[in-house]
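Let me begin by presenting the structure, written as structure tokens, before commenting on it.
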Amino acid sequence: MKVTHVAVRPTEAASAAGRPALTPELLAASGARYSRNNEGLDAILGKIDPNNLDRSVDSIFRMIDYGHQSIADMAPVAMFLDGLSIWLAYVIWSLCPTAGGQESSTRYIRFDSDALIDPRELGVPEADAVTWRALMDECFQAVQDATELWEELGGRRPELARIPSSLFEDPTDKARKQVARMKRNFGFDRARYFLPAAASTNVMLIMSARGWVQLCQNLLSHALPEARSAGAAIREELGLCAPRLLRHATEKESFTQGLAAEFQALRRLAERPIDRLDGSTEDIAKPAKASLQVMLPCGVQEQDLEEDLKHHDNRYGWVGPSIRRTSVRFAWEAVALAEIRDLNRHRTGTKYCPFVPLGFYGALDAIAATDRDALALYGALRPLIEVGRKASVIALNRLRAGDPGYVYWTLLGTQYYFEHTTTADKFLYEGELRTGTGAHYQYARHLHDALALWYAQFPTTQDLILEGAGEPE
């Protein structure tokens, strides 16, 4: 794993206009100074020695404690994290919901067994490493096999991949490339569920120094070595831009105890019977049931919600105050990690996802078993689905046995309970986004189901909500 701090330089236009350029700590110091007097920015900048920026921070702060969290919020820091596991990327996003950034998309990166994180870095016991590697190789092969099967079906039946016939019949090079991309996305979006959560990915985040400190506290207090290694690497880079905060970016006893208690709670949840993994259930294509709870403010009625949406012309458009005040909790009983990765990154509210494997999703429900092609694909996918289910069962049993490294035996298709509590305007934004053009088919299905529950309660708002049809890009 490699973590790199990237500093932000002023643009040429800003330099030509004579605008100041400050280090993250100087920016925070200058902002903090505002709360102690009304001398204005020019007076504060006059205290800066351009030949000794580090000393200038102290001269501006004087008696102000840089450890105060509101001050640390004013020091922006960007970092790129290369070569961490998909699972750790999920954890980091769950700890940094307000951060800006990106993660490498599985849609555009072809993973194979060479992309697997070394088991020693993950803390997989040496006695289990050979078995673990063999299972991961099975899963990577399942990705390749499933991708070929789905792409072949998409090529024979372009209407299933929703490729316009005019585009499919267009002989131009541009059209051929577009068709190839749509076929690839169609196939890989349904095959990616076999990807191991231990596969390597990359994450870029930009957030305040306060956010990085809190992330370090969580990661350095974690039971798994990959998390601790990430925390240590982030802390080292943080020293380049916000060295005065390093005394706070340490392992914390409260976090260590809290994380240990959380893991024991997961073990207790895992002890209950889990239908999709315990036993030999055949119902592996069972859809994830959605739930929705809405709490309207006092005095607000459906007609107020309808009025709030009358000027709503796109998902970023106007939404009135009654919807913004309405509380919403929506959830699915079993969602694949592949979808949770993005559902988790919606910034508002609180997400809850106990990491107890509940099943394995392998896209069998994406097949309409009404013709020979679909039935043939269904039969070819069944043994691959069993590989994914086997990995999820092993992970569940290792959790029950108290192994915190069980997460590295899971796949993108391993299912978990997922819940999001937020306000109605943010819920509707997510519903419109995740059903729009280019949306992954399973996101669209999950959000379609959640929106249907909203429409059942507030039917007059349905025509005002801009739900998409998940058209391919």
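Quick notes on this structure:
- When the convex hull of its Cα atoms is projected in every direction, mean area for the stretch 298-398 (nm²): 10.6
- Rg over Rh for the chain works out to 1.01, both radii taken from alpha-carbon positions and Rh defined as the Kirkwood radius.
- Share of alpha-carbon pairs per 5 Å distance bin for the stretch 136-178, given as whole %: 5, 21, 20, 19, 14, 10, 8, 4, 0
- Calculated from the alpha-carbon coordinates, the stretch 326-473 shows an Rg and a Dmax of 17.2, 51 Å respectively.
- Evaluated with a Cβ-only charge set (Lys, Arg +1; Asp, Glu -1), the stretch 160-231 carries a dipole of roughly 100 debye about its Cα centre, given to the nearest 20.
- Candidates GLY18, THR106, LEU447 compared by Cα position along the dipole of the chain: farthest toward the positive end lies GLY18, with charges placed on Cβ.
- Sum of side-chain charges, CYS353 neighbourhood, beta-carbon under 15 Å (Lys, Arg +1; Asp, Glu -1): -1
- The convex hull defined by the C-alpha atoms of the stretch 264-344 has an orientation-averaged projected area of 8.8 nm².
- FRET efficiency estimate (nearest 0.05) - Cβ-Cβ, VAL130 to LYS177, R0 41 angstrom: 0.45
- Computed over the chain, relative contact order equals 18 percent, with contacts defined as Cα pairs under 8 Å that lie 6+ residues apart.
- In nm, spacing of pseudo-spin labels at LYS2 and ARG156 (7 Å Cα→C-beta vector): 4.4
- Tilt relative to the chain, helix 24-34 - C-alpha long axis, 0 to 90 degrees, to 10: 60
- Shown is the FRET efficiency for SER166 and ALA374, computed with R0 = 22 Å from the Cβ-Cβ distance and rounded to the nearest 0.05: 0.35.
- Accessible solvent surface per residue of the chain, calculated while the other protein chains remain in place, 1.4 angstrom probe, Å²: 47
- Amide H contacts under 5 Å for THR423, placed H, 5+ residues apart: VAL328
- Here the calculated FRET efficiency for ASP278 and ARG324, from their Cβ-Cβ distance with R0 = 56 Å, stands at 0.85, rounded to the nearest 0.05.
- Per residue, the average separation of C-alpha pairs within less than 8 Å and at least 6 apart gives the stretch 81-187 a relative contact order of 22 percent.
- Nitroxide proxy distance, nm - points 7 Å out along Cα→Cβ at ASN397 and GLU148: 3.0
- Carbon and sulfur %, accessible surface of the chain computed with the full protein complex present, 1.4 Å: 52
- The angle between the Cα long axis of helix 225-241 and the longest principal axis of the Cα atoms of the chain comes to about 30 degrees, rounded to the nearest 10.
- Relative intensity, log₁₀ I(q)/I(0), of the stretch 71-168 from a Debye sum that treats every alpha carbon as a point, q = 0.20, 0.21, 0.23 Å⁻¹: -1.09, -1.14, -1.23
The values are calculated or read from the model by the stated rules, or taken from the named source; none is laboratory data. Predicted model only: the values in this text are computed from it and were never measured. Every residue, glycine as well, gets a Cβ built from its backbone with ideal geometry; the counts of neighbours run over all protein chains shown. With ligands, DNA and RNA removed, areas are computed over all heavy atoms of the protein, side chains included. Shrake-Rupley method; radii C 1.70, N 1.55, O 1.52, S 1.80 Å.
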